[in-house]
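One structure below.
The values are calculated or read from the model by the stated rules, or taken from the named source; none is laboratory data. Remember, it's a predicted structure, so these values are computed and weren't measured experimentally. Cβ atoms come from the backbone with ideal geometry, glycine included; neighbour counts cover every protein chain shown.
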Amino acid sequence: MNGILNWILWLPVIGMVAVILTPKAKENAIRLVTLATTTVTLALSVILYMNFDTTTADMQFVVKIPWIEQFHINYFLGIDGITMLMTFLNALLFFICTLSSWTVEKNVKAYFALLLMLQSTVFGVFFALDFFLFYVYWEVMLLPMFFLIGIWGGENREYAAIKFFLYTFFGSIFMLVGIIALYYATGKGVDSFNIVAHQGGKFTELTVDLFGKTLSFETLFFWFMFLGFAIKVPVFPFHTWLPHAHVQAPTAVSVILAGVLLKMGTYGFLRIAFPIFPQAAVESSTIIAVLGLISVIYGAFCAMAQDDVKKLVAYSSVSHMGFVMLGLAAMTTQGMNGAVLQMFNHGTSTAMMFLLIGILYERSHHRWIVKPDGSKGYGGLATKLPKYTTVFIIGMFASLGLPGLSGFISEALIFLGIYQRFTTITVIAVVGLLIGAAYLLWMFKRMFFGEVNPETEEYDDMNAREVFYMIPLCVCVIVFGVFPSPLLNVMKASVGQLVDLLSKF
Amino acid sequence: MEYTVGNIAPIFLAPVLAFVINAFLGRKLPRQGDWLATLSIFVSFIFSARIFSDFVFGKFASDNFIHKTFTWFDLSYGANIWKVDMGVYIDNMAAIMLLMVSGVAFLIHLFSTWYMDHDEKHGRFFIFLPLFTSAMLALVLSDNLLSLFIFWEIMGFCSYSLIGIYNKKEKAGDASLKAFMTTRVGDVFLLLGMVAIWMVIGSVSYVDIYAAIAQGKFDGQAVMGISLATFAGLCIFLGGMGKSAQFPLHVWLPDAMMGPTPGSALIHAATMVAAGVYLSLRMYPLMVLGDLTWFIAVIGAITAFMAATIALVQTDIKAVLAFSTISQLGYMMIGVGVGSYNAAFMHLITHAIFKACLFLSAGSVIHSIHEQEMPKMGGLRKYLPYTHFAMMCCTLAIAGIPFFSGFVSKDRILGDALYFGFMAGQNPLLAIVPILGFAGAGLTAFYMFRMMFLTFYGENRMHHHAHDHGHGHGHEDDHGHEIHLEHLSVRQNIPLLILAVFTLGFWFAGTLTGQTFGKVFGAKTEWFKILVEAPKVEKFINHPRELLGSTDSRPATDLPVAVYDHHSDTQTGYAGPNPDTHKIHKAHTIGAILSIIIAFSGVFLAFLMYIKKSVKPLSPSFPGFTEVLKNRYYFDNLYVDIVIKKGLLGLNRFLAWFDMGVYDRYAVDGWEKVNRVLFTASKWFDNVVVDAIGVDGTGVAVNLFNLVLRIVQSGKIQFYFIVLITVLASYIWTVNI
């Protein structure tokens, strides 16, 4: 099983090459090659899950090959429980996105090639245990995203693509400085780019002289890393790239963006910022919690005012990722597990929402809940599209945290976790739950109730392909809402180890 | 009988199975699976009846309970042990609830198969109704607040779906949204209260909470300066207020009548709305510990009275019943608040039965004549004799006429309220509780009989020829306004008549007037009193109050918990002789006499106004106040027009505008301007200083800046800023480390 990570990581690249080699005119062949690739990747991730040892917090399926030896840079891959879930999520969502992208007509070859490249780089970010490799994947990932938004996006796509690119790039510069600092701080030795070796609070004593002041090495570079990851999450006040990117991005890219790319930010906290700088993390947990709280409330309030349904869901992502930040800031068993579970659950539920909006967009070619002229954008969808409505209700209620569906358990765990450390913040965060239900249900009311209008009359219900790719997500949302153990058992050792580490500081 | 998962689980798994089958295959089944849903509820009923008989006739002790748990999920790692247990907790109260819920739900399902015939939403209705029933049964079976909350919310979802089932109507959408969001206000507080308890005592199981109270684990714990018991108790009660439509969260319930009438009967009258009361009873020791009982009593009294006044002016038959539901829930809350524990629970049960029957009767009327407005009815008793009979029984019950169930339960609550308000040495302002309670009782008798008289008596105001139509019911929907003479039909009338039988008082108390009528069936006829009593919390009664973070150091015996002791003074082990027993008996005697007088005067007044017509209705004399009542005291306008539309949406629009229009535009994209200034300065520096001096390597710098220039000028903003930061950061870094 040792090479399986290599296969998962490089299979999309092989698929990409195959897509590139396929003649441009054979669009269906290109689609099928992509589908085959993502299907096999998904199957491999399931095999990975079945072979995963849930009892240990250590890295598993490790691959370590020297790469640039004079700097001790290795091709170093491995996964733990947290990445296991993200791997599965990534494999699942790309499989689904391939199916949902079947209707893309513009430059099919380039689109699917970029999609596969994106999948590989996202896997790379989650697998990489070498800082240099991690950074490479983190940056390379921007390229396919940039082009996917910039070429296949909506009217204002160039602005959104550049904004997305620059904003993320801006954050990663700080991360790079942090990485270089760690390289020097560990004496440029064998493990100086090894993420795992840095973990455990080894830099608590170091200081940095900056502008004549002595600063803690940990604190300074924790915040550098924080900036890099917080932009990705995105945490208030670094969130404004997200609505632009989501609104302009094509459906599949929105799904990937909300489903997995945002999780790379919180993953960065779990893998890098917290374990490498635990003391600084504990010291700054109040600030993280407050920023998370603001994201929750502010995101929810902004979502409620949106007339564009995709923008509404984009802001809801800000709000839901704020819950993840709250859970992380809690640094307790419940909070951390809840945060990781929420990463997964938000991945599935928000993917459902974006896919559903995409399906509707293909019929209506607009996304207005209320059109700019004040008339209703939709209306009577529940009458006209019964299947669509059913799936929409499942996705929406999972998103707002209805018990019995997946979102509830993670949110409840986060609340349990955060309450132990920040009672007042918990009490305020409850408002987020309330508004979270309000904007979704209000949107639902405006779109689905009422008489069918002439425009809506022409829409078709979901076709077999659309139903087919929504089923896995519906199953995830319902099954993991009732039986969360398959997810929690995988992550709890890794999360528990991190909680233990943080509790020492 | 030994209880296992095998003979408890079918109670809620049978309806879940019906839900799943109907959801996937309902369209293909004959009659869209309504028989399957009904059958599944019958299975629940059989299993519930077994448990009920075991508890009531077999063990016959107040402290008998079953508690079985299993682990839902486990987050333990290393030395950190933390897992979430789920379980089943059945005591007498739960056993009675199970029987009531499954029984009423079965009859309502049966009725619905008639009512929903040929309705376009027939199939959908029978998907959500069994799901709802299973959630309610599971809620009753829950042994902890978490699973209670889970099923509580699932019921909220079912309620949402059934209110909005006629999704072509905009109003249905508004009503369902309002219902879900209003109850959600309470729900998030419930979640918060649960979290607070969980993180302090380490569990939310009822048994553990009672034990924690007994062991004093709540003592000295505070949340944001409030004692934990008060904070958690208040949060949990707020949850109950939302679900049980208590003032000021009552606004959703009248609108919930948008759904099909049998759905309203089950969800918005008989069972779900009572869940808040059930929760308050379950958490009663916490409410006492947190000194919240007076608050519960006051909220209940305001609700009971306010809703009764609004019901006076309603013309829609379902609206009258909706407001009467709110009002009756208020009475249950009064019962909880004044310490009338078993009477509050009894009222929950009696109300569930008569209110389910009232709604089904209303459904029968509406479905027969296709009219909801009472001014357009009249004289219907000739056409709908069975419906009339059932509805009359229930009206007598709700009005508090002796020998009917409503009298038994409401009289006890009012008697205890009388003691609580005037004799228990409470704050004199709390006299408002019995005053509003008795006033509301009079109004109840009046508006219920007003409804009966307007609907079934007097002349028919429909202006249509009524004739006998032999083909049964529901087939001629298109004929519209013809009235068919009601034949005794299994699905239409039998559920009503069965429910009507159980509106008789003797089912609930052998003593028909509550106290004096001989105990004809022996001691066991007082089963309700004997079986249902507040959870025993041993140290509870002598709990020194100063530990609760309150300066009030009264011994806890002064708490209203003392009130119900006399009901079962031999059974409760912990209270000891109550010195107030005499006073309480006096209060009960006065209360019984008062409520009989008040109920009959209400009925008599309604008779004078609507049958004899010798007294003119008062509304024309007070147009202003009538207007206020018709607008439901403007609560809906306050919430929707001011709080939500002006406040919340205004704030949201402002924030969204700020986010994109100000913050993103200036603070984020604004860096472009800053960059341009910096860039110009650098260019100047480059041209003037660097070029003039002509240092070696200038070419590199110029090339770099030219690159940046191209980027910036071609609209690729912010690159310059990034380069700047990089240079700055690496500079700082290389110099200092």
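Structural remarks
- A:Lys24 touching a Lys or Arg at 6+ places or on another chain (Cβ under 7 Å) and surrounded by fewer than 17 Cβ atoms within 10 Å (Cβ to Cβ): yes
- Count of residues meeting criterion [among the aliphatic types (A, V, I, L, M) and under 11 Å from the mean Cα position of the chain (by Cα)] in the stretch B:172-191: 1
- Taken across the stretch B:326-338, residues that are surrounded by 24 or more Cβ atoms within 10 Å (Cβ to Cβ) and outside any helix (DSSP H, G or I) do occur, with at least one present.
- Evaluating B:Gly276 against the criteria (1) on the phi > 0 side of the Ramachandran plot; (2) part of a helix (DSSP H, G or I) leaves one unmet condition, (1).
- Helices (runs of 4 or more DSSP H) enclosed by the stretch A:102-172 - at least 1 residues per element that are farther than 30 Å from A:Met59 by Cβ: A:108-127, A:142-152
- Selection over the stretch B:627-673 of residues that are within 12 Å of chain A (Cβ to nearest Cβ) and farther than 30 Å from B:Val320 by Cα gives a count of 26.
- Qualifying residue in the stretch A:366-382 (condition: within 13 Å of chain B (Cβ to nearest Cβ) and in a helix (DSSP H, G or I)): yes
- Candidate set: the stretch B:425-455, residues that are aromatic (Phe, Trp, Tyr) and under 27 Å from the mean Cα position of the chain (by Cα); chosen: the one surrounded by the fewest Cβ atoms within 10 Å (Cβ to Cβ): B:Phe438
- Taking every residue in the stretch B:389-418 that is on the phi > 0 side of the Ramachandran plot and pairing it with any residue that is polar (S, T, N, Q) and at pLDDT below 90, at least 6 positions away or on another chain, the pairs with Cβ-Cβ distances below 6 Å are B:Gly400/B:Ser595.
- Single match in A:Gln342, A:Gln334 (criterion: over 16 Å from A:Ser254 (Cβ atoms), of a type in the set (S, T, N, Q), over 20 Å from the mean Cα position of the chain (by Cα) and crowded, with 20+ Cβ neighbours inside 10 Å): A:Gln334
- In the condition set (1) out of contact with any Phe, Trp or Tyr (no Cβ under 8 Å at 6 or more places or on another chain); (2) facing chain A (nearest Cβ under 7 Å); (3) of a type in the set (A, V, I, L, M), B:Ile150 is compliant with all but (1).
- Residue list for the stretch A:121-168, restricted to those being within 14 Å of chain B (Cβ to nearest Cβ), within 19 Å of the chain's Cα centre (by Cα) and aliphatic (A, V, I, L, M): A:Leu142, A:Ala160, A:Ala161, A:Leu166
- Contact map, the stretch B:604-619: first residue at pLDDT 85 or above, second residue in a helix (DSSP H, G or I) and of a type in the set (D, E, K, R), Cβ cut-off under 8 Å, separation 6 or more or different chains; pairs are B:Ala606/B:Arg450; B:Met609/B:Arg450; B:Tyr610/B:Arg450.
- Sole residue being surrounded by fewer than 24 Cβ atoms within 10 Å (Cβ to Cβ) and modelled with pLDDT of 90 or more, chosen from A:Pro275, A:Pro237: A:Pro275
- Note on the stretch B:87-130: residues that are of a type in the set (Phe, Trp, Tyr) and under 22 Å from the mean Cα position of the chain (by Cα) total 5.
- Selection within the stretch B:183-203 - in contact (Cβ under 8 Å) with a residue 24 or more places away in the chain, surrounded by fewer than 24 Cβ atoms within 10 Å (Cβ to Cβ) and among the β-branched types (Val, Ile, Thr): B:Val185, B:Val200
- Those residues of the stretch B:263-295 which are of a type in the set (S, T, N, Q) and within 18 Å of B:Ile209 (Cβ to Cβ), in sequence order: B:Ser280, B:Thr293
- Set B:Val43, B:Val20: member being out of contact with any Leu (no Cβ under 8 Å at 6 or more places or on another chain), farther than 20 Å from B:Pro495 by Cβ and either at pLDDT 90 or above or crowded, with 18+ Cβ neighbours inside 10 Å (or both): B:Val20
- Helices (runs of 4 or more DSSP H) contained entirely in the stretch B:1-98, each with at least 1 residues that are more than 30 Å from A:Ser406 (Cβ to Cβ): B:5-8, B:34-53
- When B:Leu148 is tested against (1) farther than 28 Å from B:Trp82 by Cα; (2) buried (at least 24 other Cβ atoms within 10 Å of the Cβ), exactly one condition is not met: (1).
- Selected residue [under 22 Å from A:Gly401 (Cβ atoms), modelled with pLDDT of 90 or more and either surrounded by fewer than 22 Cβ atoms within 10 Å (Cβ to Cβ) or within 11 Å of another protein chain (Cβ to nearest Cβ) (or both)] from B:Gly156, B:Gly239: B:Gly156
- Elements of type helices (runs of 4 or more DSSP H) in the stretch A:403-505, at least 3 residues being more than 23 Å from the chain's Cα centre (by Cα), away from chain B (no Cβ under 11 Å) and not acidic (Asp, Glu): A:464-482
- All conditions but one from (1) without any contact (Cβ under 8 Å) to a residue 40 or more places away in the chain; (2) touching a helix residue (DSSP H, G or I) at 6+ places or on another chain (Cβ under 8 Å); (3) within 14 Å of chain A (Cβ to nearest Cβ) apply to B:Phe19; the one that does not is (1).
- A:Ala493 under 26 Å from A:Gly322 (Cβ atoms) and buried (at least 18 other Cβ atoms within 10 Å of the Cβ): no
- Any hit, the stretch A:192-214, residues being surrounded by fewer than 22 Cβ atoms within 10 Å (Cβ to Cβ) and among the aromatic types (Phe, Trp, Tyr): yes
- The set of residues in the stretch A:169-206 that are more than 9 Å from every other protein chain (Cβ to nearest Cβ), farther than 20 Å from A:Leu77 by Cα and out of contact with any helix residue (DSSP H, G or I) (no Cβ under 6 Å at 6 or more places or on another chain) comprises A:Thr186, A:Gly187, A:Lys188, A:Lys202, A:Glu205.
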